[in-house]
Amino acid sequence: MIKESDLQLSDAKESIIVPAGDYLLKKVHKGSTIRITDLEGNQAADTIFYNADNTAEHYSAMDTIREQGNIYLSAGTTLLSNFSKPLLKIVADTCGRHDTLGGACATESNTVRYDLEKRCMHACRDSWMLAIAENESMGLSKRDITHNINFFMNVPVTAEGGLTFEDGISAPGKYVELEAQMDVLVLVSNCPQLNNPCNGYNPTPVEISIW
Ligand SMILES: [Zn+2]
């Protein structure tokens, strides 16, 4: 569902550019609003959310999909945790649809899906592990890496139940906005994938703004 925000970027407390292929791990307080902007279009932002006070509680695709009865995420979606509690709500969305089935890229899946020689290519799972290693005070370990949301990524499910990575439906300047329902950790890998159309074969920056 397309829903524009009433917030002005000039009023944001903070705005961070995450370069193509880079990552971010940040604490965001309850009641804050986070906007992720696809600055140049067709860019996947692979994201996991955690309860900042208990990282055993994290985003759950299964609970979120089951409760909303829809496999795609958009404005109106409540992102539920593995404890079935609301982590964040999507309050605005100008892209219209986000994936939570396709998972994040890893060197292992790149090898299986594409070629043995792709094993050394930079992948989202590595970015998450770097973010966790560089931010020990957040209390995360690599065991906390779990299933995720791919903001702006287009993974249509066919009538037969097939899943494909398609060219994006996002465009320059499209954004998704979420309101934190508890203190959360936001772990974003701005996907470096070059072997499928999820980033238009050309990874580009995203901007993360907080009100
Ligand atoms: Zn990726």
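Tally the residues that are touching a Leu at 6+ places or on another chain (Cβ under 9 Å), within 16 Å of the ligand (Cβ to nearest atom) and of a type outside the set (Gly, Ala, Ser), restricting the search to the range 160-193.
The number of residues fulfilling the criteria is 4.
Against the conditions (1) modelled with pLDDT under 95; (2) out of contact with any Lys or Arg (no Cβ under 6 Å at 6 or more places or on another chain); (3) not aromatic (Phe, Trp, Tyr), where does Gln181 fall short? Just the number, please.
Here Gln181 meets the rest and fails (1).
Let me confirm something: among Asp38, Asp93, which residue is open to solvent by less than 10 Å² (accessible area, probe 1.4 Å), of a type outside the set (S, T, N, Q), closer than 26 Å to Asn196 by Cα and within 15 Å of the ligand (Cβ to nearest atom)?
Asp38
State yes or no: is Ser209 open to solvent by less than 10 Å² (accessible area, probe 1.4 Å), more than 14 Å from the ligand (Cβ to nearest atom), among the hydroxyl-bearing types (Ser, Thr, Tyr) and under 17 Å from the mean Cα position of the chain (by Cα)?
So Ser209 passes the test.
Could you say whether any residue in the range 141-155 is more than 12 Å from the ligand (Cβ to nearest atom), part of a helix (DSSP H, G or I) and touching a strand residue (DSSP E or B) at 6+ places or on another chain (Cβ under 9 Å)?
yes
If you scan the range 121-150, which residues turn out to be among the hydrophobic types (A, V, I, L, M, F, W, C) and either within 13 Å of Cys105 (Cβ to Cβ) or surrounded by 13 or more Cβ atoms within 10 Å (Cβ to Cβ) (or both)?
Met121, Ala123, Cys124, Trp128, Met129, Leu130, Ala131, Ile132, Met138, Leu140, Ile145, Ile149
Please specify each residue of the range 18-31 satisfying the condition of being in a loop (DSSP other than H, G, I, E, B) and open to solvent by 20 Å² or more (accessible area, probe 1.4 Å).
Across the range 18-31, the qualifying residues are Pro19, Ala20, Asp22, His29, Lys30, Gly31.
What's the total number of residues in the range 196-206 that are more than 14 Å from the ligand (Cβ to nearest atom) and buried (at least 22 other Cβ atoms within 10 Å of the Cβ)?
Selection size over the range 196-206: 0.
The values are calculated or read from the model by the stated rules, or taken from the named source; none is laboratory data. Keep in mind the model is a prediction, meaning the values are calculated, not measured. FYI the Cβ positions are ideal-geometry reconstructions off the backbone, even for glycines, and counts take in every protein chain you see. Just so you know, the surface numbers come from the protein's heavy atoms only, side chains and all, with ligands and any DNA or RNA stripped out. Shrake-Rupley method; radii C 1.70, N 1.55, O 1.52, S 1.80 Å.
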